[in-house]
Structure formats: structure tokens, C-alpha cells
1. What trypsin sites (Lys or Arg not before Pro) in the range 246-316 are in a loop by DSSP, with at most 16 other Cβ atoms within 10 Å of the Cβ?
2. Tell me, what % of the accessible area of the range 272-325 is carbon and sulfur with a 1.4 angstrom probe?
3. Tell me, Kirkwood radius of the range 64-276 from alpha-carbon pair distances, in Å?
4. Under the rule of -39500 (n - 2.57) per DSSP H run of 4 or more residues, summed and divided by the residues of the chain, what mean residue ellipticity at 222 nm is obtained, to the nearest 500 deg cm²/dmol?
5. Given the chain, what percent of its DSSP beta bridges are antiparallel, to the nearest 5?
6. Would you compute, for the Cα atoms of the range 162-280, the largest minus smallest coordinate along each principal axis and list the three values in descending order, in whole Å?
7. Please list, or write none, the lysines whose alpha carbon is within less than 21 Å of the alpha carbon of K87, excluding same-chain residues fewer than 8 places away.
8. Any chance you could look up the accessible area of W347 with a 1.4 Å probe, heavy atoms only, rounded to 10 Å²?
Amino acid sequence: MENNRRDWFKKTGLAVLGLSLTSLESFALDDIDVSVIAEDVPVRLSSNENPYGPSQASRAAMAAAVNGSNRYAWVQTEKLAEAIAKKNGLEAGNVLMSPGSMEMLDVAGRIAAKTKGSIVISANTFGYWVNAAMQLGAERIEVPLTKDKKNDLDALLKAMRADTRLVYICNPNNPTGTVLKTQELIAFINEASKKAIVLVDEAYIEFTDEVSMCSLVKDNKNVIVVRTFSKIYGLAGARIGYAMAHADTIAVMDKLQAYIPGGVSAVSGAGALAALNDTAFITKTRTLNEAAKSFTVQEFKKLGIECISTSTNFIYFSLANYKKDFFKLLESNKIEGTGIFEEDGKWSRITIGTMEDMQKLIKAIS
Ligand SMILES: Cc1ncc(COP(=O)(O)O)c(C=O)c1O
């Protein structure tokens with residue numbers, strides 16, 4: 001899967017870059033510009049990116065910040081951390097910035113690996129970062145999802161051992177799109193954090209009406225909440241994410257970061273700062289995402305494709321009753337999706353793109 005993503009990028013990366021530059025002129029014209037990836041580039045429904053972003057405010061801020069790129073952006077990064085802290089009712093010392101949230105997941109994994117401890121994680125979740133921790137000596141303990149494709153909190157708790165150093169919860173869960181009930185999640189975190197760090201990945205939380213778990217970090221050193229600007233904020237290629245944790249935990253984490261707070265570029269930081277409180281863009285993205293999702297789920301149903309209810313920008317679906325070769329049809333129509341996540345039931349995932357993207361998808365597979 002990861003290799004496929006890389007190969008695809010290698011093949012199309014330059015083309016995408018070239019086209020983005022020419023489309024810069026059109027940024028000022030539309031409120032939302034969907035021409036960044038132009039027509040001859042495949043429809044990309046693989047990586048849960050925002051097809052409408054970055055927002056106009058982010059684009060303007062990034063363009064302006066280019067001029068200051070001769071200087072390290074330490075001060076700006078600190079300002080961004082302060083703004084994130086304020087938005088979440090925390091102090092700047094509770095926030096650690098990174099070039100993408102993947103680095104924060106990696107740092108958490110390395111904390112577990114330092115003591116050769118085990119990491120408890122759902123069998124079907126966003127677990128790529130665990131591989132690096134395993135290289136350093138951590139053990140992975142996998143727990144199946146519930147029948148309705150949710151993280152199984154009771155089973156995760158039961159799977160914890162004396163050497164468990166970290167438990168990971170992706171909420172909403174990637175690839176299934178399922179969300180946990182707030183009270184159940186809080187109860188789980190309170191219990192599990194007595195024994196190990198609970199790492200909560202909220203990459204898609206802004207697509208839901210759920211509350212973040214970040215308020216728990218004030219009094220609990222064993223909670224780390226990780227968030228990203230790559231999804232609803234439309235800044236995946238800018239590479240910017242962060243962790244929120246108790247100041248003492250941040251102090252442990254930043255020792256495992258090579259360059260604090262220098263990992264975030266001046267340009268990306270400016271884009272993120274402008275995006276942070278751009279509620280109009282968030283609302284617009286959510287509205288457009290909802291419309292494209294409803295359309296796709298309805299059409300999938302007509303084709304006998306069962307979908308798991310999702311409040312994210314991707315859909316988890318079963319190809320068990322679909323008679324054609326789904327992946328071949330995607331390929332021949334230059335649509336990039338993902339592969340099979342669970343053989344049993346042939347479950348796959350598709351990102352919700354623009355309405356036009358989803359119409360192309362449905363046309364291709366009908
Ligand atoms: C659940 C989840 N967490 C983290 C990431 C990593 O995002 P980034 O490193 O771009 O912030 C992704 C990316 O797809 C994701 O789906």
C-alpha cells in the first residue's frame with residue numbers, strides 16, 4: 001500500500017507540482033479552487049486529503065511567507081503553538097509542533113521502544129508508524145475491531161500487559177470512519193492511562209461534532225493527543241501537525257525530536273496559522289464533503305456495496321456483493337483508491353473527493 005502510494009507519487013508528483021504553479025493565478029478568483037490537480041492527473045481518492053484546500057487565507061499567508069524563508073522560523077512556530085494552545089484551552093508548553101503528525105506518532109512509538117515495551121493497537125487502524133518502533137524493539141499487540149468496525153475498547157484494555165507502554169486509539173478510526181462515544185472514550189483513557197500512555201490520534205476530528213480529548217492532558221501525563229493540518233485544513237503537502245500533552249510529557253517527547261522547534265517551515269507555519277481559525281473554510285469543506293458523501297453512499301447502495309456509517313472524509317465499504325472487478329475499473333478510469341484492508345468481506349476505503357470526482361467514480365464502477 002505505502003509502496004504503491006510512493007510509486008504513484010513518483011510518476012505524478014512533478015506533473016502535479018507543475019500544474020499547481022500554473023494554477024496559482026487562479027487562487028484569487030474563486031473562493032474554493034479545485035483545479036490544483038488538473039484533469040489529466042488521476043482522480044486521487046486514496047489519501048484522505050481535502051480536495052478543496054488549502055483555503056484562500058492559507059494560500060495568501062504561504063505566498064507572503066516565502067519572502068521570509070531565508071530565516072529559521074522558530075519564533076513563528078512558537079506563535080503557532082501558542083495559537084493552537086489558546087484554541088484548545090491549553091498552554092503553549094502543552095503543544096509540540098512537527099512536520100506532519102506522523103512524526104509525533106513516531107516519537108510516541110519510540111518512547112515505547114526505549115524500554116522494549118509493547119504497543120496495543122487495533123488490528124485495522126492507522127498503524128504504519130508502529131513499524132519503526134518495532135525496528136527499535138517494541139512489540140505490537142493487535143486487537144480486532146468490533147463487528148461494527150469500531151475500536152474495541154474493552155478488548156484493548158484486556159490486551160494490555162505489564163510491559164505495555166502505549167495504547168493507540170485513532171478516533172475517528174482510519175480506515176473505517178467509525179467514531180467512539182465521548183464518555184466511553186474518556187472512561188477508557190482514564191483506566192488505560194493508569195498503566196500506559198494513551199495516544200489519541202484525532203486526524204479527522206474536525207469532520208465530526210465530537211469533542212477533542214485534549215483537555216485531559218492538563219492533569220494526566222499519560223495522555224498524548226495528536227492532530228494534523230493535513231486533512232480538513234487542506235495542508236497535507238505542507239507537512240504540519242502537532243501533539244498536545246502535559247508539559248512534562250512534552251519534555252520527554254521533544255528529546256526524541258531532532259530539531260525543536262525548527263522542523264516546521266516558515267511557509268507551512270504561516271499557512272497553518274491562517275487556517276487555524278478559518279471557520280468559513282472548515283464549514284464549507286464539511287458541507288461539500290457531506291453532499292459528496294451522501295451521493296456516493298446512495299450510489300454504492302444501488303450497486304450492492306455496503307458502507308460503514310462515517311463522519312469523516314472517507315468511506316469504508318464491502319465489495320463482497322459487487323460482481324465486477326472494482327480495482328481494474330478504477331485503474332482503467334485513472335482513479336486512485338486503496339486496496340483491500342480486510343479480506344473477509346473484501347473491505348476497502350475510498351476518500352470522498354469533490355462531487356465531480358465521486359460522479360466519475362460511480363460512472364466508472366456502474
Ligand atoms: C489517522 C491518521 N493519522 C495521521 C496521519 C498522518 O498525517 P500527517 O503526517 O500528514 O499529519 C494520517 C494520514 O493519512 C492519518 O490518516
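The values are calculated or read from the model by the stated rules, or taken from the named source; none is laboratory data. None of these values were measured; they are calculated from a predicted model. Methodologically, a virtual Cβ is constructed for each residue, glycine included, from the backbone with ideal geometry; neighbour enumeration extends over all protein chains shown. Just so you know, the surface numbers come from the protein's heavy atoms only, side chains and all, with ligands and any DNA or RNA stripped out. Shrake-Rupley method; radii C 1.70, N 1.55, O 1.52, S 1.80 Å.
1. Working: sites: K255, K284, R286, K293, K301, K302; in loops: K255.
Listed in order of number, the matching sites are K255.
2. 56 percent
3. Values: mean 1/r = 0.0580 Å⁻¹.
After inverting the mean inverse Cα-Cα distance, the result is 17.2 Å.
4. Numbers: 12 runs with 144 residues, N = 366.
It comes out at -12000 deg cm²/dmol, rounded to the nearest 500.
5. Details: 18 of 37 bridges.
Expressed as a percentage, antiparallel bridges in the chain total about 50.
6. The Cα atoms of the range 162-280 stretch 43, 33, 24 Å along their principal axes.
7. Straight-line reach from K87, under 21 Å: K79, K218, K221, K231, K284.
8. Result for W347: roughly 20 Å² accessible.
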